[in-house]
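Asks: One structure coming up, written as structure tokens, with questions to follow.
The values are calculated or read from the model by the stated rules, or taken from the named source; none is laboratory data. Values in this document were obtained by computation on a predicted structure and should not be read as measured data. Ideal geometry is used to build each Cβ from the backbone, glycine not excepted, and the neighbour counts take in all protein chains shown. Just the protein is used for accessible areas: all its heavy atoms, side chains included, with ligands, DNA and RNA removed. Shrake-Rupley method; radii C 1.70, N 1.55, O 1.52, S 1.80 Å.
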Amino acid sequence: MSGAAEERRRLRSEIWFNDLDEPAETAVYLERFANYGITRGELQSGRPIIGIAQTGSDVVPCNRHHIALAERVKAGIRDAGGIPLEFPVHPLQETVRRPTAALDRNLAYLGLVEVMAGYPFDGVVLTTGCDKTTPACLMAAATVNIPSIVLSGGPMLNGYLDGKRAGSGMVLWEARRKLAAGEITEAELVDQVFNATPSAGHCNTMGTALSMNSLAEAMGMSLPGCAAIPAPYAERAAMAYKTGLRIVGMVHEDLTPGRIMTRAAFENAIVVSSAIGGSTNAPPHINAIAAHMGVELDIADWDRIGHGIGLLANVQPSGEYLGEEFHRAGGVPAIMGELLAAGRLHGDALTVTGDTIEASYGTSASRDRDVIRSVDDPLMADAGFMVLSGNLFSSAIIKTSVISEDFRARFLGDDGRFTVRAIVFDGPEDYRARIEDPDLGITEDCMLVVRGAGPIGYPGSAEVVNMHPPGYLIQQGVRMLPCLGDGRQSGTSDNPSILNVTPESAAGGNIAIVETGDRITVDLVNRSVQLEVDDEEIERRWGDLRQTIPVSNSPWEELYRAHVTQLADGMTLGFAEKYHDVGRVKPRHSH
């Protein structure tokens, strides 16, 4: 057998631990593992070396239980004949990082790429959970393209307030409305939000965390049934063990993300996102993963492929239930099975099992029709995102599955068209300072507009577009006003905002020149948002504009702003999109 053929069969880790050409270099890579008792025989045995990307820590409480789950992953790896090596990932905690965890998604991605490519891993288990951990891990897997598998951490147990289900995030948004209306005190707000966290795990609503972990499974990057198992359930630890077992098999099969995350897989993710009432953060994250995978995916695809899909998951914020009921009703497998039965998915796409979507999910179905509906009996028809455009922006999205009957009656009418008066805020600080100002004259025919909240302007794009009305309107029963902004909002929000505006104000978008009192017409049927100002007036305003972008407060903020793309394009570091198959490159020696 030729030396070339023999080299092709060698594991990637052996170019560190078993370099036949330069054994003196091998000695360098081996020696310090002896510090904690790993033997030379283990590392030179030809057994796959599996990295465990640890996203849990004391500052990432949503993922902290991964510290314990990693022991079950390691057991699975060892039982399958591999050797586990755990390493830390830059922390990404949505509720802690300021100015926004989205700023660090790309930083964690960069770090993961360097670790996965520059260390002796044959495959990697990606521990995910809190919002940005999932896209950061999948973006890195796409760039490096060595066998990789996602182990999500799962949602918290159900929370309750006054005997009713209290979903993560939903509690906060409702408490803020009640505070503004004078119904509760500030101390009561904090208590309600704090007490709605009953266990380990990420948000128990269909927020960004559960959405993205569900879409990771829908794309084939998790074992079937992984996404929605609640964090404290015994099934979660069992899934960790199975994931450890499977990654070793994936290494032997050379089953890489490039074989799984194809165009068909991304289209499946769009369809499933609509069916579960997925987060408005899914489009920028999924588009970013596609960009790093080298798969062409456009923001318009989310409307073209996804809008006509009905809402199947009756889960907050689009529905009634929470993560526990979603899992018990069948979770992502039930959603996939229902969609497959209706011919709405690419059944031939691969999964980490080595089997197709059809083989993995074809026999799955809902176990509770009140929680997970059939395609023929959805909670809402046409529940996917609408992608809008007009003279204010080239694209923005609106989540139709959270349009309530009250909102529809107040604003949309029968034709989905309405005209409103703009109330403009330069950032969330300006909104919080002035929302109760009576001089603004905010009425229920107004739209709240926030700018300076995009990838460059904020930086990182803040979750601030879901603004509540002034307290006096809430007291009158107006819980929501139309909102528009160049930032994002939490996936747990029940507000049908027009958001992810591209281009943002800091990148030359016309949202920069909107003034309080302007009329804005929204036409959902024709996917149009128009500022009722003529082109000459727009040009004049640009000539008069003196836009101020806040200074960068760290080296990373400056670097990020210099290279980040817009929300429609995934908020990637543009230069990084050209790097593919990085794990196939043989790195130079270090000594």
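Asks: Taking the mean number of other Cβ atoms within 10 Å as a proxy for protection, how do you rank 273-283, 391-401 from highest to lowest? Numbers along the way, then the final one.
Replies: On the way: 273-283: 28.8, 391-401: 23.4.
Top of the packing list down: 273-283, 391-401.
Asks: Still on this structure, I have one more. Measuring from label point to label point, each 7 Å out along Cα→Cβ, what is the K578 to T356 span in nm?
Replies: Once both label points are built, they end up 3.8 nm from each other.
Asks: Continuing with this model, one more query. For the range 488-564, build the convex hull from the C-alpha positions and give me its volume per residue in Å³. It would help to have the intermediate numbers written out before the result.
Replies: On the way: hull volume 11.8 nm³, N = 77.
Spelled out: Cα convex hull of the range 488-564, divided by residues, is 153 Å³.
Asks: Quick one: which residues, 5 or more positions from Q54 or on another chain, have an amide H under 5 Å from its amide H? H modelled 1.01 Å from N in the peptide plane, none for Pro or chain starts.
Replies: Sorted by chain and number, the residues that satisfy this are F87, V89.
Asks: Apply the Karplus parameterisation 6.51 cos²θ - 1.76 cosθ + 1.60, with θ equal to phi minus 60°, to every residue of the range 565-581 and state each ³J(HN,Hα) to the nearest whole Hz, in sequence, with x for glycine and proline.
Replies: Here the 3J(HN,Hα) series is 8, 7, 4, 4, 9, x, 6, 7, 7, x, 5, 6, 5, 7, 8, 9, 6 Hz.
Asks: Please list 3J(HN,Hα) in residue order for the range 414-422, calculated via the Karplus relation 6.51 cos²θ - 1.76 cosθ + 1.60 where θ = phi - 60°; whole Hz, with x for glycine and proline.
Replies: Values per residue, Gly and Pro as x: 8, 10, x, 10, 7, 10, 10, 9, 6 Hz.
Asks: Which of the lysines could a cross-linker bridge to K578, judged by Cα under 30 Å and excluding same-chain residues fewer than eight apart?
Replies: List returned: K132, K586.
Asks: On to the next question. Per the Kirkwood treatment, what hydrodynamic radius in Å, one decimal, follows for the range 41-185 from the mean inverse distance over all distinct Cα pairs? Can you show the working numbers first?
Replies: Numbers: mean 1/r = 0.0591 Å⁻¹.
Value: 16.9 Å, from the Cα pair sum.
Asks: Can you pull out the cysteines in the chain that have no other Cys Cβ under 4.7 Å?
Replies: Singleton cysteines: C137, C203, C226, C446, C483.
Asks: Quick one: check the C-alpha center-to-center distance for the range 62-114 versus the range 392-451, whole angstrom.
Replies: Using only Cα atoms, the two centres lie 38 Å from each other.
Asks: When a/c reaches 1.5 or more, the comparison of a/b and b/c decides; with that in mind, is the range 385-544 rounded, prolate or oblate per its Cα gyration tensor? Don't skip to the answer; put the middle values down first.
Replies: Numbers: a/c = 1.30, a/b = 1.19, b/c = 1.09.
Note, shape of the range 385-544 comes out rounded.
Asks: Excluding residues on the same chain fewer than 8 positions from K242, give the lysines whose Cα lies under 16 Å from its Cα.
Replies: Qualifying lysines at Cα under 16 Å: K74.
Asks: Pull up all non-local amide H partners of M386: gap of 5 or more, or a different chain, and H-to-H distance under 5 Å with H placed in the peptide plane.
Replies: The answer is I398, T400.
Asks: Next question. Distance between Cα centroids, the range 212-240 to the range 315-377: provide it in whole Å.
Replies: 13 Å
Asks: For the chain, what is the charge dipole size about the Cα centre, in debye to the nearest 20, if Lys and Arg each add +1 at the Cβ and Asp and Glu each add -1 at the Cβ?
Replies: On the way: 51 positive and 76 negative charges, 304 e Å.
So the magnitude is around 1460 debye.
Asks: Here's a follow-up. Among M239, Y472, P438, which residue has its Cα furthest toward the positive end of the charge dipole of the chain, with +1 on Lys/Arg Cβ and -1 on Asp/Glu Cβ?
Replies: Final value for the positive-end residue is M239.
Asks: Share of the chain's accessible area from carbon and sulfur, percent, 1.4 Å? It would help to have the intermediate numbers written out before the result.
Replies: Numbers: 11220 of 22400 Å².
Of the solvent-accessible surface of the chain, carbon and sulfur hold 50 percent.
Asks: Rounded to the nearest 0.05, what FRET efficiency do R421 and R588 give with R0 = 56 Å and r taken as the Cβ-Cβ distance? Could you check?
Replies: Numbers: r = 62 Å, r/R0 = 1.11.
That gives a FRET efficiency of 0.35.
Asks: If one takes the longest principal axis of the Cα atoms in the chain, at what angle in degrees, from 0 to 90 and to the nearest 10, does the Cα axis of helix 208-218 lie?
Replies: 50 degrees
Asks: By per-residue mean of other Cβ atoms within 10 Å, what is the highest-first order of 403-410, 135-142? Could the numbers behind the result be given before it?
Replies: Details: 403-410: 14.1, 135-142: 30.1.
Most protected by this proxy first, the peptides run 135-142, 403-410.
Asks: Roughly how far apart, in whole Å, are the Cα centres of the range 157-171 and the range 525-556?
Replies: Using only Cα atoms, the two centres lie 39 Å from each other.
Asks: Amide H of M380 versus every other amide H placed in the peptide plane: which residues, excluding those fewer than 5 positions away on the same chain, fall under 5 Å?
Replies: Amide H neighbours of M380: L311.
Asks: Can you compute the charge dipole magnitude of the range 385-544 about its Cα centre, using +1 on each Lys and Arg Cβ and -1 on each Asp and Glu Cβ, nothing else charged? Give it in debye, rounded to the nearest 20.
Replies: Numbers: 14 positive and 26 negative charges, 110 e Å.
I would put it at about 540 debye.
Asks: Return one quarter of the surface area of the convex hull spanned by the alpha-carbon atoms of the range 350-396, equal to its mean projected area, in nm².
Replies: 6.0 nm²
Asks: Identify all lysines with a Cα-Cα distance to K178 below 28 Å; exclude those on the same chain that are fewer than 8 residues away in sequence.
Replies: Candidates past the 8-residue exclusion: K164, K399.
Asks: FRET efficiency for T39 and V525, Cβ-Cβ distance as r, R0 = 60 Å, nearest 0.05?
Replies: Working: r = 68 Å, r/R0 = 1.14.
For T39 and V525, the calculated efficiency is 0.30.
Asks: Under the Karplus relation 6.51 cos²θ - 1.76 cosθ + 1.60, θ = phi - 60°, what is the ordered set of whole-Hz ³J(HN,Hα) values for the range 75-80, x standing for Gly and Pro?
Replies: 4, x, 4, 5, 5, 8
Asks: Using the crude model of +1 on Lys and Arg Cβ and -1 on Asp and Glu Cβ, and no other charge, please compute the dipole size for the range 406-497 relative to its Cα centre, in debye to 20.
Replies: I would put it at about 160 debye.
Asks: What angle do you read, to the nearest 10 degrees and between 0 and 90, between the alpha-carbon axis of helix 133-144 and the longest principal axis of the chain?
Replies: 50 degrees
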